[in-house]
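Below is one structure, written out as structure tokens; comments come after it.
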2 protein chains.
Amino acid sequence: MRIVEKAGCESCQHKCDIFLTSKEMGLEDSLQPRKVAYKKYEQICRQNSIVTHAIILCEGNAKMYIEGSNGKNIILNILMPSNYIGLLAVFGSPSYSYNVSALTPCVTCHIGIEMIKKLYYHNHNYLIQLNQAFGSSVASIMKKLLSLSQKQLRGKVAESLIYLSQLYESHAFTLTITRKELGELSGISEENAVRVLTEFKNEGIIGLHGKVIEVLDMEMLQKLSLIG
Amino acid sequence: MRIVEKAGCESCQHKCDIFLTSKEMGLEDSLQPRKVAYKKYEQICRQNSIVTHAIILCEGNAKMYIEGSNGKNIILNILMPSNYIGLLAVFGSPSYSYNVSALTPCVTCHIGIEMIKKLYYHNHNYLIQLNQAFGSSVASIMKKLLSLSQKQLRGKVAESLIYLSQLYESHAFTLTITRKELGELSGISEENAVRVLTEFKNEGIIGLHGKVIEVLDMEMLQKLSLIG
DNA sequence: GTAAAAAGTTGCTACACATCAATGTTGTGA
DNA sequence: TCACAACATTGATGTGTAGCAACTTTTTAC
């Protein structure tokens, strides 16, 4: 990781109004937000480490995941600009309860936790936005909980494909994750992720060419996801 | 459910300062908090229904659970006084993402969402408390996610027993849930919940007499939970 | 451009777990 | 107190899924 510029961060300005507000407040330089660049695979934040900044993803794709005691991971989310990264940890807990690492080269915006707290009181709209983002994260974790414990292979993969299709806002998309990671996103093994993808291709539900996936029969995917 | 008194609610006053604040603010009667009584098994809030009140559990035990499309449940938490019930939904989402129902007769305190929003701005300490409770809920859901997807029977049950022991703050406790619900709490079938309990008893890890469980070897439980 | 590493694919096997069934036990309401 | 329902327990069985191994394809790095 390297710091690319001290302040500015126009790319996430539209979202959170942090920068306008920070200017209004006339904050000293050391409290101003910073942009940081990460290489592919680099870890942006680590489970159990202390939260010192709120982080917003400005460019690139990242995965949010938790790792179990046996070394296997579960991917909770794929993060896109301009998602919050530090969000779930900022106010609730002093340390991260998950990892985030870069799937592609990424640029993030780091905002000191002290400044966030000032803004917290200064701008109520920002606060409500933060809480809403928080809430929808919880809802999506709940969904994953159900999916992992009750659905079987095909239902889990179907759900992941629907998720990815919504994430990329298109029926055709290029995966930024490997088959192993698709397995971790679905809570299944790499091998079974491959097997189910092949099945879906053979059944005409999806088109499959390496990392490029095209959803051909979304209705069927929805159905598969629902029945498990 | 029945409304037992219009305001007051001394039992949760120590926790959130809502009532002191509401008096300071001189709120009209219709906005004052209300106490509500529920019978055993009665549902306190329902998945997908609209959130109109923040709810605090004042007396009794309740289970927070989500239900899947196949009718099977996952119990997220056992709630004790004075846990928040509506918490995860209050600011994040307009509707509940889970169910809560009474395991024993319960008394709750309902606070109109409008009043919560007023308090939100009026008392910053309350706000921070709320966010911290929110955060620890998220952390516990993450833990469950890992447990469900990576541990096997004995590890899951061990984790549930540790959870219950901490919940009741004692090595010996009387379950307010059935074996089926212990299964739902652990993400396994009722039959296997029974089998593992019997195993643990035969191995001298726990004492077992119907609903009364005594943890005899907490260290072993911790170990079992960790290795999965 | 070539070698090495990473990612992807397929078949086979073992087993952990859910499910079914039968039966015993406890609790509850008339 | 009796009858019925809910809860608890144990054994037998089928199957969904992880893990292993062998192999091919793609990507990465020098």
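What follows draws every value from the coordinates through simple rules; no lab data is involved. Small disclaimer: the values here were computed from a predicted structure and weren't measured. Every residue, glycine among them, receives a Cβ derived from its backbone with ideal geometry; neighbour counts consider all protein chains shown.
Some observations on this one:
- Computed lengthening from B:THR104 to B:SER136, 0.36 nm per intervening residue step minus Cα-Cα distance: 9.1 nm
- Across the identical copies, how the B:SER49 labels are spaced - nm, sorted shortest first, 7 Å along Cα→Cβ: 4.4
- Within region B:46-63, backbone nitrogen closer than 15 Å to the virtual label 7 Å beyond the Cα of B:THR174 toward Cβ: B:60-61
- Taking every residue in A:74-81 and counting other chain Cβ atoms within 10 Å of its Cβ, the average works out to 1.
- Average beta-carbon neighbours from other chains, 10 Å sphere, peptide B:34-42: 0
- Sequence-distant residues sharing a close amide H with A:LEU216 (under 5 Å, placed H): A:ILE206, A:GLY207
- With a 10 Å cut-off around each Cβ of B:140-153, the average count of Cβ atoms from other chains is 6.
- Using bins of 10 Å that start at zero, the share of Cα-Cα pairs per bin across region A:64-172 amounts to 11, 38, 35, 14, 2, in whole %.
- Between B:ILE227 and A:LYS143, the modelled labels are 3.8 nm apart [label points 7 Å from Cα along Cα→Cβ].
- Extension gain for B:MET80-B:SER95 works out to 3.2 nm (0.36 nm per residue, less the C-alpha to C-alpha distance).
- Teacher prompt: A:SER136 distances to equivalent labels in other copies, 7 Å Cα→Cβ, nm: 2.8
- Proportion of all alpha-carbon pairs of region A:151-227 beyond 16 Å (%): 41
- Using the Cβ-Cβ distance between A:LEU216 and B:SER49 with R0 set to 35 Å, the FRET efficiency works out to roughly 0.45.
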